[in-house]
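Structure, as structure tokens:
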Amino acid sequence: MSIRVGILGATGAVGQRLVQLLDPHPDFEIAALTASEASAGRSYRAAAKWGLDFPIPDSVAEMTVRATDADEIPDDVPLLFSSLPSSVGEAVEPGLAEAGYVVSSNSSNARMDPDVPLVIPEVNADHLDLLEVQRDERGWDGALLKNPNCSTITMVPTLAALDQFGLERVHVSTLQAVSGAGYSGVTSMEILDNAIPHIGGEEEKMEDESRKLLGGFDGAELDLHGMDVSASCNRIATLDGHLENVWADTAQDVTTESAAEAMADYPSADLPSSPAPLIHTFEDPERPQPRLDRMLGDGMAVSAGGFRETPEGVQYNCLSHNTLRGAAGASILNGELLAREGYL
Ligand SMILES: NC(=O)C1=CN([C@@H]2O[C@H](COP(=O)(O)OP(=O)(O)OC[C@H]3O[C@@H](n4cnc5c(N)ncnc54)[C@H](OP(=O)(O)O)[C@@H]3O)[C@@H](O)[C@H]2O)C=CC1
Ligand SMILES: N[C@@H](CC(=O)OP(=O)(O)O)C(=O)O
């Protein structure tokens, strides 16, 4: 039987991707859509400025958008996917968890809170049990689970594959698509014929979140991974797909072949939205590219190529679809994990 789910921030860039991935989904059925007060009471068709290259699914087009408020969401909708602006997420997500909803959130608030699991199911599914600590500490019937930032999600599976060589330092420079800034984030006058060498807060998120994701969990507390991470984030004029240049310094010697093999062999998760293989590796040094490779694994795979040995480790490029694997698909994968592990 499918689980009834809600989408918070359903009219936005990520909310629309959630609609796309949930219509249909083997485990979930869309039962509620929320957005701001300006959209509440309108049909989804009228409220959403639909930006995907296929029609709004019939199942949601005439659904009435609700305000993002616990009183507006039916009690028989146990799981909420949240893609709200982080300031709104910060204001409403704890109240929803306290009211008994399990919230699988893509928004950046609370990602580094010590009792909030930050999860990529293929990398650190064991961190999910931090929810027991969260429920004990906060007295919640519901729960709050986060997926990481889209640039972090692109890089971390490749780092998880390399950690067998002893990761010590990581440098990363990103080339991020405009969809990452949301529909109103970057104007055409700012980005066409241009590149913007800074994305506010993004560097710090990559540096902190990757250490939490690759950290250890002993059943009570999380330890951050000991590697140093240094990031430089750049916006370029692609629509979807974040490309990243990574330098990984390792304690043990790593060859281009062993790095590529570790990534190609890195396992996917036994969940409906986890692609196999998780990481596509290319021998062609000109791949991966955003336009050619962002839809690998239905937009849920990571790809990597351009492997080169360096004096300290290995350098390579990696890519994933920022609004699918990096946002909506990441929250849904976490929802699938919550269902499998009995949290719903
Ligand atoms: N785009 C991306 O690639 C990624 C985005 N994210 C994160 O996901 C979240 C959403 O991003 P994105 O979809 O791009 O943003 P958008 O601006 O496109 O959408 C924001 C959504 O939140 C709703 N909203 C805005 N203000 C309020 C409010 N006060 N109360 C309730 N709902 C509100 C909007 O509703 P309305 O239409 O009514 O205004 C809309 O549904 C953000 O936290 C972002 O940082 C994370 C990773 C990647
Ligand atoms: N900042 C990212 C997208 C994003 O919203 O990230 P976060 O989920 O950490 O707020 C980008 O610009 O591509």
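The values are calculated or read from the model by the stated rules, or taken from the named source; none is laboratory data. Keep in mind it's a predicted model, so treat the numbers as computed, not measured. So basically every Cβ, Gly included, is an ideal-geometry build from the backbone, and we count neighbours across all protein chains shown. The protein model used for the area step is the full one, side chains on, heavy atoms only, and it has no ligands, DNA or RNA in it. Shrake-Rupley method; radii C 1.70, N 1.55, O 1.52, S 1.80 Å.
GLY142 passes every criterion in (1) away from ligand 2 (no atom under 16 Å from the Cβ); (2) on the phi > 0 side of the Ramachandran plot; (3) not β-branched (Val, Ile, Thr) apart from (2).
Looking at this structure, is ALA35 more than 12 Å from ligand 1 (Cβ to nearest atom) and modelled with pLDDT of 95 or more?
Details: more than 12 Å from ligand 1 (Cβ to nearest atom): no; modelled with pLDDT of 95 or more: yes.
No.
Listed by position, the helices (runs of 4 or more DSSP H) enclosed by the stretch 242-344 that each have at least 1 residues that are open to solvent by less than 40 Å² (accessible area, probe 1.4 Å) and aliphatic (A, V, I, L, M) are 256-264, 329-340.
Report the residue count in the stretch 75-86 for those that are in a loop (DSSP other than H, G, I, E, B) and either in contact with an Asp or Glu (Cβ under 6 Å, 6 or more places away or on another chain) or touching a residue at least 60 places away in the same chain (Cβ under 8 Å) (or both).
First pass over the stretch 75-86, keeping only residues in a loop (DSSP other than H, G, I, E, B): 75-78, 83-85.
Filter once more, so that each one left must be either in contact with an Asp or Glu (Cβ under 6 Å, 6 or more places away or on another chain) or touching a residue at least 60 places away in the same chain (Cβ under 8 Å) (or both): 76-78, 83-85.
Of the residues in that region, 6 qualify.
Restricted to the stretch 1-67, the set of helices (runs of 4 or more DSSP H) holding at least 2 residues that are crowded, with 23+ Cβ neighbours inside 10 Å comprises 13-22. Residues that are in contact (Cβ under 8 Å) with a residue 40 or more places away in the chain, closer than 22 Å to LEU222 by Cβ and open to solvent by 40 Å² or more (accessible area, probe 1.4 Å): find the strands (runs of 3 or more DSSP E) completely inside the stretch 87-185 holding 3 or more of those. Where strands (runs of 3 or more DSSP E) fall fully within the stretch 87-185, none carries at least 3 residues being in contact (Cβ under 8 Å) with a residue 40 or more places away in the chain, closer than 22 Å to LEU222 by Cβ and open to solvent by 40 Å² or more (accessible area, probe 1.4 Å). So, GLY297, is that one at pLDDT 95 or above, in contact with a strand residue (DSSP E or B) (Cβ under 9 Å, 6 or more places away or on another chain) and on the phi > 0 side of the Ramachandran plot or not? Here the answer is yes, as GLY297 does meet what is asked.
Consider the stretch 153-209 and keep the residues that are over 11 Å from ALA231 (Cα atoms) and hydroxyl-bearing (Ser, Thr, Tyr). The one that is farthest from the chain's Cα centre (by Cα) is SER188.
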